[in-house]
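**Student:** Here you go, one structure.
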Amino acid sequence: MMHILSISLPRTITQEFIESTFNITFKRAIEKTFSAQLEDKWVFYTKFHVLSFINFDDLTIQKYLEQLGIIGGYANTIHEYYPIKHDRHLSQAFEIDNQLIAVQMLDPTLIAIIAHVVSQSVALEFYELQSEDLFQKINILFEKKRHSIFSKKKLSRLSQDIARFRHELLLDLYLLDKPNILWEHETAEQLYNQLESILEIKERFEVLEYKLTSLKDDVRTIIDLLDHNHSSFLEWIIIWLIAFEIGLSLLDIFK
């Protein structure tokens, strides 16, 4: 029995830094996913900043992470753990449920697909937590009874953050297209589809997109409200100036 452990990395840790630190060379496995095999073990790095270890013990993983500057092990990171069983007696290429991935052969392509989809799930969890932070920021602005021009500047920055967040999400996760290798590998495609379904990748992505759209609409609503209040304020200033001017004119007449 072995397992895959996928860990969300800080954005400052690059593929090149991992290669030099671990003294390994990554080769492209599938789109966005690169692998290095060390005897009966694999290390995978994805462009959505997730590092995966397959068939490593926890102590070795902890030492690798310390070399990358991640202190305290993976417990303090966003991560997912999935047991993998190599069972030559399986009647088919693989079997998957919520607790276990069983494979008939340790096919490099199938191993890469497992690492790719589990890494997507970890990256999604990272973005889900980021979206919660954005919701907290917008809730703070909603709860304010009064808004100023400085609030509008904060809202504009928040709107930019949401747009950048959505762009990074689409660019990083590469969820809308299946890896090209699946067109030529039927078993890999079946594994991809089943694992993606179990981890609810598409459903979670759609929920995240909905949340981002809701955030964007909320920000737009507050900005429109601020614009309306600002316009009303200017209108009242004009009315008071006109009234003041009329008052001065009347005063001159009576004098």
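**Student:** Packing-wise, with mean Cβ within 10 Å as the measure, how do 118-125, 192-199, 208-215 rank, highest first?
**Tutor:** Result, highest mean Cβ count within 10 Å first: 118-125, 192-199, 208-215.
**Student:** Follow-up question, since we're still on this one. Give the Kirkwood hydrodynamic radius (Å, one decimal) of region 22-146, defined as one over the mean of 1/r across all pairs of different Cα atoms.
**Tutor:** By the Kirkwood definition, the hydrodynamic radius is 16.6 Å.
**Student:** Now a separate question. How high is the relative contact order of region 1-134, in percent, with contacts defined as C-alpha pairs under 8 Å that are six or more residues apart?
**Tutor:** About 30 percent, as a whole number.
**Student:** Please report how far the C-alpha centroid of region 8-44 lies from that of region 69-140, rounded to the nearest whole angstrom.
**Tutor:** Between the Cα centres of region 8-44 and region 69-140 lies a distance of 16 Å.
**Student:** Further question: What percentages make up the Cα-Cα pair-distance distribution of region 9-64 when the bins are 10 Å wide from 0?
**Tutor:** For region 9-64, the binned pair fractions read 22, 62, 16 percent.
**Student:** Still on this model: Quick one: grab the alpha carbon gyration tensor of region 176-219, order the square roots of its eigenvalues as a ≥ b ≥ c, and give me rounded if a/c is under 1.5, else prolate or oblate depending on whether a/b is larger than b/c. Could the numbers behind the result be given before it?
**Tutor:** Values: a/c = 7.92, a/b = 2.69, b/c = 2.94.
It is oblate, given that a/c is not under 1.5 and a/b is not larger than b/c.
**Student:** Still on this structure, I have one more. Which net charge results when you count Lys and Arg as +1 and Asp and Glu as -1 among the other residues whose beta-carbon is under 14 Å from that of Leu38?
**Tutor:** Residues near Leu38 contribute -1 overall.
**Student:** Could you check how much of the accessible area of region 12-65 is carbon and sulfur, as a whole percent, using a 1.4 Å probe? Display every interim value, and only then the final one.
**Tutor:** Numbers: 1210 of 2550 Å².
Carbon-and-sulfur percentage of accessible area, whole number: 47.
**Student:** Moving on. Could you report region 41-94's accessible area per residue, 1.4 Å probe, as an integer in Å²?
**Tutor:** 48 Å²
The values are calculated or read from the model by the stated rules, or taken from the named source; none is laboratory data. It should be emphasised that the depicted structure is a prediction, and the values quoted were computed from it without experimental measurement. All Cβ positions, even for glycine, are placed from backbone atoms using ideal geometry, and neighbour counts span all protein chains on display. These accessible areas exclude ligands, DNA and RNA; they are computed on the full protein's heavy atoms, side chains included. Shrake-Rupley method; radii C 1.70, N 1.55, O 1.52, S 1.80 Å.
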